[in-house]
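**Q** Can you keep this structure in mind? I'll have questions shortly.
The values are calculated or read from the model by the stated rules, or taken from the named source; none is laboratory data. The shown structure was predicted, so the numbers you read here are calculated from the model rather than taken from an experiment. Note that we place each Cβ from the backbone using ideal geometry, even for glycine, and neighbour counts take in every protein chain shown. Accessible surface areas use protein heavy atoms only, side chains included; no ligands, DNA or RNA. Shrake-Rupley method; radii C 1.70, N 1.55, O 1.52, S 1.80 Å.
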Amino acid sequence: MLRHLCYVVTMILLTLSPLALAEETQVLLGPGQDAVIVRDAAWKQSVWFDWGGHAILQRFLQLATGRQVRVLDRAPADDGRTVRIWTGRQAAVNRAIGTELDKLDDDGYMIAFRGRDVYVAGKYWWGGNWAAHDFLERFAGCRWYGPEPDFWKPKEAGMLGPLDIIPRHDAIRAPVQATIVEQPGYKMRWYRFMPLHSFRLRYRDKFHHALSSIIPPDRYGATNPDFFPLIGGKRHVPPLSAPYQFQPCVSNPQVLRLVVEAARESFRKNPQEGSFSIGMNDSDAFCECERCLAAAPANITGKRQRQAWAFFDFYNRVAAELEKTHPDKRLGCLAYAGLSVLPDGAIKLHPMVVPYLTRDSAQLFDPNEQAEFRQLVDRWKRLAVRMGIYEYIYGRGFVVPRLYNRYLLANVRDRYGVGVDGLYAESYPNWGLDGPKYWLLSRMLWDPSQDPSGLMDQYCRDLFGPAAGEMKAYFECLEETWCGQTLASTRSNYRWFLDARQLEIFPPAACEKAWAMLEAARAKAGGEAAAVKRIEYFRDTFALTRALSRRSAATAAMDELMKQPAPKPPDSTDTWLAPRLAALQAYLDCGSLETVVKGVPAVAMDDATLADVARYDRQPVDAVAAMVEAVAGAAPGGAAPSPGSPDAKPPQTAKEFIAHLATRAVLRAVRLAKPATIDGAITAGEWPAPAFAGQLYRIYSLAPHEQQTFIHAAWDDANLYLAFDCRQDAGTIQAAVRDADRGEWRQPAMLGDDCVAVTIRPSGAGSAGVRINANGALGFHNNAWGEGIRGAARHSATGWQAELSIPLKKIGLRPGQPIDCTLAIARFAHDEPPPRKAGKQELPRPRAYMILPAPQGKGVIGHGNHPGLMTFITGPRLVLVDR
Ligand SMILES: [Zn+2]
């Protein structure tokens, strides 16, 4: 660790009272004191996220003081009073600190005070951006703890994220003489999507699969088959469809030369790059030629081990060669599969070779994981001098907080016990759940000698002021809950990713405990508006976890009760029904998920996770279906109740709800004398009276949707006919799909339209579906199945209408035969006018998945974030009648 020196002195001075410092510090900017920023006149934005240190300083110094700060290309003459802040590697900076900057790590930077001249510069441009942020953190009290809405867009001045702090000052004070030197403890520090500059992150080590692009089979396969592995006596050149399926013949000196040349060429083109990947291909096809197998010493006897030895030896020879010209560079690779079979001490990797090992500290509460982690890391330690770690710090795929700082940060501090100096992580953050994790990690990677608990104190103090203690307790409670989980799993990395069982880690009791802490913090924050706002940011995100947890637990309780089947008529179902209705009532009382999702603050959750939140929502579909069956079956006269009436009072309680659904347990299709005309117009006399008329249910709240739907059902010897009269304000009707729905199976494009989806489950296994939208476009669950199905739609004075005809034999229905066929009918509607395009960016379309008939389903009726998704809840049974 090379960080050092006057910085320490500086910080001690700054913690003293301002009066005591009078002679050591000066006002850089304030009443009667002007400062200008002198940028490198040759400065040019190097990449899209290079703001330029001068622009960062100007923007935030102006925000912090309310004073104008000019950026100049040429220094003004020294007037004896103006402070000059120099940025970039311009001549004046190089004269003052250039020699020291050159000696630093590539990510190093300096802030140097020499009277009225202040130098804020990195060895390279990125360090210049970091130096500016560091300056603002130290001397203007600025903090960037979380996401900015668009941190990569420097032009939108004044943009600040919900967890950023830019305090207002009369004056900015700083030392008269001091030198601050910073360089990172971890060379590689990378995870997305983060405030790149204030977190000082840089993708530095390349380590992914690379050899197939250095030795492409389409280029060398024909001319140099000896570059490729000898397997079973034949050179194996992989097919062009899978060009990565080989490992090169590593004893071939020309292969060595190719790889070394590729590395040199890469560094020649990009001299600022610190690393080149020589990662093995994703393949088991190692060379077994005589020379490759002969390379290892005699005491290594297994063939796989001898192949691995040859491969490592190859890496070492590449490094030794490259060291002659580029001793400061690194060669990255994956710590992977077949390469870890070597016995201990068989070979040691050249220090320039840095393998990356995939591990997930989130699982280290599990003793088995700890043992496996230790064992793996130790094995690689014996092979490699230096190593990198590949973590999974999601974020994405989780709707519960995932905090395990005790393991993650301790590992970083200890360099994973093996001298690690590079970390790559998949993150896609949930800021509103895991807040401190990402910032703490960035700080520990920069300086692993720090105390994470002190950093956490700073985080809470800065963000929550008087409620710092309460919020620290809240985050500790979340961490304790994650780390105290007892769910069994065999999965090592990203356990519970995309798995709804993760909610069992945060059962309602745990959520209520954490929720109470948030409420206590909010009360403690009192009138401090900024602190209250930030507490609400975390509270409104955690509200989603809490709601999903309650719904999940209520549904699980109901499913448990449903294990006891309903009594058969003529026995009364009342006694059976009562506790189940009470359980359903508890579920309904959980409230609407839609409302909670809407309350999640912008950028607090990973977009993809939030869009897909229904994946984690457990709905009591099977239970509701069973109760409806029981009630409908017990109704006098069997299962043929009248259709719902549009004027009926919407059900308020679980009991009313089930009774109401029972009235639509059956959909009666009437025999037609003359086939319906499929033109989208429901004309007088063409169709029988509606088989259903009324309101479908909103999928999240189970509340009746305001808009009415009329369903006509009919049949003749050839077809089943369905017509939908969808009442809707004409101005809100929208459909983008015009011909075939080419959306993905699980997420058809048409479900963003005003559309009706019918999923049919004939007797026996399987189901098939057809969708029709307000344009009359058709989409199918299975395109082959769709043949022979016709549909049409048109807009009407009261909304839109659609007609479908489906050949009876497709759904296994035969006139006169007993019927056992279930239809799930869902309608997707827009409550609001079409979204206008905001700038270039199109607002996201609502998404939804297919609806499956409930009775034999897995308890999922629909997926997605479509606010207007409505459904029957239970698919009705279809009955064909003559009249
Ligand atoms: Zn070979």
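**Q** Take the stretch 289-335 and flag every residue that is in a loop (DSSP other than H, G, I, E, B), in contact with a Gly (Cβ under 8 Å, 6 or more places away or on another chain) and surrounded by 17 or more Cβ atoms within 10 Å (Cβ to Cβ).
**A** Lys329
**Q** Please verify whether the stretch 71-79 includes one or more residues that are at positive phi and open to solvent by less than 60 Å² (accessible area, probe 1.4 Å).
**A** For the stretch 71-79, residues at positive phi and open to solvent by less than 60 Å² (accessible area, probe 1.4 Å): absent.
**Q** Considering only the stretch 80-107, how many residues are open to solvent by 40 Å² or more (accessible area, probe 1.4 Å) and modelled with pLDDT under 95?
**A** 2
**Q** So, one more: Would you tally the residues in the stretch 356-389 being free of Cβ contacts under 8 Å to residues at least 40 places away in the same chain and assigned to a strand (DSSP E or B)?
**A** Residues meeting the conditions: 2.
**Q** Search the stretch 105-116 for residues that are part of a strand (DSSP E or B) and pair each with any residue that is of a type in the set (S, T, N, Q) and open to solvent by less than 20 Å² (accessible area, probe 1.4 Å) when their beta-carbon atoms are under 6 Å apart and the residues are at least 6 apart or on different chains.
**A** Cβ pairs passing all conditions: Ala112/Thr179.
**Q** For the stretch 474-488, name all the residues that are of a type in the set (S, T, N, Q) and either free of Cβ contacts under 8 Å to residues at least 24 places away in the same chain or closer than 21 Å to Leu610 by Cα (or both).
**A** The answer is Thr486, and nothing else.
**Q** Let me ask something additional. Which of the residues belonging to the stretch 275-292 are of a type in the set (Asp, Glu), within 14 Å of the ligand (Cβ to nearest atom) and in contact with a strand residue (DSSP E or B) (Cβ under 8 Å, 6 or more places away or on another chain)?
**A** Within the stretch 275-292, just Glu288 meets the criteria.
**Q** Of the numbered conditions (1) within 26 Å of the chain's Cα centre (by Cα); (2) in a helix (DSSP H, G or I), Leu487 fails exactly one; give the number of that condition.
**A** Against the list (1) within 26 Å of the chain's Cα centre (by Cα); (2) in a helix (DSSP H, G or I), Leu487 comes up short only on (2).
**Q** Here is a further query. Go through (1) surrounded by fewer than 20 Cβ atoms within 10 Å (Cβ to Cβ); (2) farther than 30 Å from Ala554 by Cα; (3) touching a strand residue (DSSP E or B) at 6+ places or on another chain (Cβ under 8 Å) for Trp715 and report which single condition fails.
**A** (1)
**Q** Within the stretch 260-271, does at least one residue satisfy the condition of being surrounded by 17 or more Cβ atoms within 10 Å (Cβ to Cβ) and under 15 Å from Phe228 (Cβ atoms)?
**A** No, there is no match, as no residue in the stretch 260-271 is surrounded by 17 or more Cβ atoms within 10 Å (Cβ to Cβ) and under 15 Å from Phe228 (Cβ atoms).
Yes/no per residue for (1) at pLDDT 75 or above; (2) surrounded by fewer than 16 Cβ atoms within 10 Å (Cβ to Cβ):
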position	(1), (2)
Cys755	yes, no
Pro762	no, no
Ala774	yes, no
Arg794	yes, yes
Ala829	yes, no
Pro855	no, no
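**Q** Could you pull out every one of the strands (runs of 3 or more DSSP E) wholly within the stretch 19-79 that has 1 or more residues that are in contact with a strand residue (DSSP E or B) (Cβ under 6 Å, 6 or more places away or on another chain) and free of Cβ contacts under 8 Å to residues at least 40 places away in the same chain?
**A** Correct list: 70-72.
**Q** So if I check each of Asp451, Asp434, which one is without any contact (Cβ under 8 Å) to a residue 60 or more places away in the chain, of a type outside the set (A, V, I, L, M), over 23 Å from Val603 (Cβ atoms) and outside the structural domain of Gly141 (by TED's automatic domain parsing)?
**A** Asp451
**Q** Also, I was wondering about something else. Of the conditions (1) open to solvent by less than 20 Å² (accessible area, probe 1.4 Å); (2) over 20 Å from Phe475 (Cα atoms), Ile535 fails just one. Which one is it?
**A** Result: Ile535 passes all but (2).
**Q** For the stretch 390-422, give me the residue count where each residue is farther than 16 Å from Glu369 by Cβ, charged (D, E, K, R) and assigned to a loop (DSSP other than H, G, I, E, B).
**A** Total meeting the criteria: 3.
Each row is one residue, and each column tells you yes or no for (1) over 35 Å from the mean Cα position of the chain (by Cα); (2) more than 16 Å from the ligand (Cβ to nearest atom).
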{"residue": "Ala294", "(1), (2)": "yes, no"}
{"residue": "Pro297", "(1), (2)": "yes, yes"}
{"residue": "Lys303", "(1), (2)": "yes, no"}
{"residue": "Trp309", "(1), (2)": "yes, no"}
{"residue": "Val318", "(1), (2)": "yes, no"}
{"residue": "Glu323", "(1), (2)": "yes, yes"}
{"residue": "Lys329", "(1), (2)": "no, yes"}
{"residue": "Gly332", "(1), (2)": "no, yes"}
{"residue": "Ser340", "(1), (2)": "no, yes"}
